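Trainee: Please read through the structure below; I'll follow up with questions.
Just so it is clear, none of the values below were taken in a lab; they were calculated from the coordinates. Computed from a predicted structure; not experimentally measured. Cβ: placed from backbone, ideal geometry, glycine included. Neighbour counts: every protein chain shown.
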Amino acid sequence: MHGAIDESTGPGAAPRAVREDRFARLRLMRTPTVGPVTYAQLLARYGTAAAALEAIPDMARKGGGKPPAVPSRASVEKEVAAVEAAGARYLFLGLPGYPAMLAATNAAPPALIVRGHRALLDRPVVGMVGARNASAAACRFARGLAAELGARGVTVASGLARGIDTAAHQGSLEAGTVGVIAGGIDVVYPPENAGLQEEIATRGVLVAEQPPGVEPRARHFPYRNRIIAGLAQAVLVVEAAPKSGSLITARYAGDFGREVLAVPGSPLDPRAQGCNQLIRDGATLVQSADDVLEALRPIDPRVALADPSAGGGYGAPRVMADADDADRAAVLELLGATAVPIDEIVRQSQRPPAIVQTVLLELELAGRLARHAGGQVSLEG
């Protein structure tokens with residue numbers, strides 16, 4: 001029972017306390033206003049998900065809002081059952097099996113839902129993304145490049161979208177490909193990729209962050225893009241227009257310290273402008289699989305980039321500072337609708353970083369704070 005969160009059975013099965021901790025983690029990560037950063041800070045502060053759940057109401061009130069509605073045990077049981085019914089399971093941040101490359105980022109999802117061959121996530125991974133309305137030549141190039149990378153031991157990850165994503169999966173399917181889903185693990189999008197998605201589940205691995213049954217919405221695609229970038233040692237953009245989702249993936253890769261690669265295109269084709277701009281800004285120009293492998297060479301895939309117990313093991317809670325009303329007033333005065341770096345709030349408030357982080361945590365749990373890329377925050381509404 002509950003194989004989705006604990007695959008072991010019999011005498012060697014995980015203790016009940018460990019299974020209960022995983023249920024508490026699910027309740028915590030599904031709580032409104034608890035994003036990846038807040039989740040990690042709560043576990044660091046309180047040591048366990050159960051203790052964090054108990055602390056949320058008081059912290060939210062200190063932040064000046066109503067406590068968020070924590071999902072019930074029954075609702076989590078229902079989600080776990082749906083994951084099992086889909087033939088999938090969870091990988092929890094900080095516990096064995098979670099991809100080390102993704103765990104090393106500051107935006108790692110508290111848990112992933114995976115279906116298929118999880119071991120593919122331990123191989124060197126290259127994210128390959130591009131335009132949905134890609135040219136026939138670009139799709140052919142992506143398909144051939146993905147096939148060659150797969151044959152040379154590299155796992156290709158993409159987002160199951162039309163165009164370049166589909167070509168990348170098709171090319172790397174034989175070697176094993178990673179399909180990152182914007183919605184739930186059991187939801188097919190786009191509909192014409194139903195057969196491809198099922199093939200990836202059988203021969204590769206599907207990865208989702210959203211609960212089963214969730215249809216992809218516009219806000220989910222950037223979340224998916226950050227997972228592709230986080231899993232990968234490098235992200236390759238084959239064809240992309242300016243301001244496209246592919247460039248968001250490339251931006252995440254740069255923020256995570258990963259290699260950004262791009263295939264050049266004709267300056268007369270709008271679909272190539274994004275790639276050409278990336279190259280102009282310092283991305284590595286790629287024309288062959290050798291170029292990709294050369295970019296990966298400085299990274300030894302055998303070296304773990306993150307402590308597998310990071311992000312919330314069963315250790316003692318970290319001592320963190322409590323804020324008083326004066327601290328809250330000083331931080332709140334510096335916040336507004338425009339995003340501002342947290343470091344700047346620390347500097348101008350003249351409060352210790354731990355105090356500022358506590359106030360921001362309270363505000364976020366109260367539903368009053370939004371977090372942005374690059375360690376920036378703003379007030380909601």
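Trainee: Which cross-chain or sequence-distant (5 or more) residues have an amide H under 5 Å from the amide H of A111, H modelled 1.01 Å from N in plane?
Mentor: L93
Trainee: Tell me, what ³J(HN,Hα) does each residue in region 136-146 have, in order and in whole Hz, if you take phi through Karplus 6.51 cos²θ - 1.76 cosθ + 1.60 with θ = phi - 60° and put x for Gly and Pro?
Mentor: 4, 5, 5, 5, 5, 4, 4, 4, x, 5, 4
Trainee: With θ set to phi - 60°, apply the Karplus curve 6.51 cos²θ - 1.76 cosθ + 1.60 along region 100-117 and write out the HN-Hα couplings as whole Hz, x wherever there is a Gly or Pro.
Mentor: Karplus values, whole Hz, x for Gly and Pro: 5, 4, 5, 4, 6, 8, 8, 10, 5, x, x, 8, 10, 10, 10, 9, x, 8.
Trainee: Taking the Cα atoms only, what angle lies between the long axis of helix 49-62 and the longest principal axis of the chain, rounded to 10 degrees?
Mentor: Helix 49-62 and the main axis of the chain meet at about 70 degrees.
Trainee: Roughly what percent of Cα-Cα pairs across region 125-238 reach past 24 Å?
Mentor: Percentage above 24 Å: 14.
Trainee: OK, next. Just to check, using Stokes-Einstein with a Kirkwood Rh over alpha carbon pairs, what's the diffusion coefficient of the chain at 10 °C and 1.306 mPa s in µm²/s?
Mentor: For the chosen part, D equals 73 µm²/s.
Trainee: Right, another one. Report, ordered by chain and residue number, the lysines lying within cross-link reach of K78, taken as a straight Cα distance under 29 Å and ignoring same-chain residues fewer than 8 apart.
Mentor: Once the sequence-local lysines are set aside, what remains near K78 is K66.
Trainee: Same structure, new question: Let me test this: with uniform point scatterers at the alpha carbons of region 325-379, what is the Debye-based log₁₀ I(q)/I(0) at q = 0.18, 0.25, 0.30 1/Å?
Mentor: -0.48, -0.98, -1.45
Trainee: If you don't mind, there's one more thing I want to ask. Quick one: helix 16-29 against the long Cα principal axis of the chain, what's the angle to the nearest 10°, folded into 0 to 90?
Mentor: Tilt relative to the chain: about 80 degrees.
Trainee: Where a Cα-Cα gap under 16 Å defines reach, which aspartates and glutamates qualify for K243, not counting those fewer than 8 residues away within the same chain?
Mentor: In chain and number order, the partners are D269, D281.
Trainee: Please state the charge dipole magnitude for region 115-296, taken about the Cα centre, from unit charges on C-beta atoms (+1 on K and R, -1 on D and E), reported in debye and rounded to the nearest 20.
Mentor: Here the size comes out at about 360 debye.
Trainee: What distance in nm lies between label points placed 7 Å from Cα along the C-beta direction at D324 and A354?
Mentor: Between D324 and A354, the simple spin-label model gives 1.6 nm.
Trainee: Next up: Tell me, what is the FRET efficiency for V18 and K243 to the nearest 0.05, using R0 = 35 angstrom and their Cβ-Cβ distance as r?
Mentor: So the FRET efficiency works out to roughly 0.20.
Trainee: With point charges of +1 on the Cβ of Lys and Arg and -1 on the Cβ of Asp and Glu, referenced to the Cα centre of region 246-291, which listed residue (L285, L261, A250) lies farthest in the positive direction of the dipole?
Mentor: A250
Trainee: Go through V80, A111, A138 and say which Cα lies farthest out towards the positive end of the charge dipole of region 75-170; charges sit on Cβ, +1 for Lys and Arg, -1 for Asp and Glu.
Mentor: A138
Trainee: Okay, next question. Can you list residues from other chains, or at least 5 along the same chain, whose modelled amide H is less than 5 Å from the amide H of G127?
Mentor: Hits under the 5 Å cutoff: A157, Q233, A234, V235, L236.
Trainee: Name the residues whose placed amide hydrogens come within less than 5 Å of the amide hydrogen of T177, ignoring near sequence neighbours (fewer than 5 apart) on the same chain.
Mentor: Correct list: G204, V205.
Trainee: Considering the zone a paramagnetic label at D281 would reach in this model (a point 7 Å from Cα along the Cα-to-Cβ line), which residues of region 210-241 have amide N under 15 Å from it?
Mentor: Backbone N within reach: 235-241.
Trainee: For the residue pair E54 and E84, what label-to-label distance in nm results when each label sits 7 Å from Cα along the Cα-to-beta-carbon direction?
Mentor: According to this spin-label approximation, the distance is 2.8 nm.
Trainee: A further question on this structure: Enter the angle in degrees (range 0 to 90, nearest 10) between the Cα long axis of helix 245-255 and the first principal axis of the Cα atoms of the chain, meaning the one along which they spread out most.
Mentor: The answer is roughly 60 degrees.
Trainee: Right, next: Quote the charge dipole size of the chain about the Cα centre in Debye, to the nearest 20; the model charges only the Cβ of Lys and Arg (+1) and of Asp and Glu (-1).
Mentor: Once rounded to the nearest 20, the dipole reads 300 debye.
Trainee: Can you report the principal axis dimensions of region 242-301 using only the alpha carbons, biggest first, rounded to whole angstrom?
Mentor: The Cα atoms of region 242-301 stretch 38, 24, 16 Å along the principal axes, largest first.
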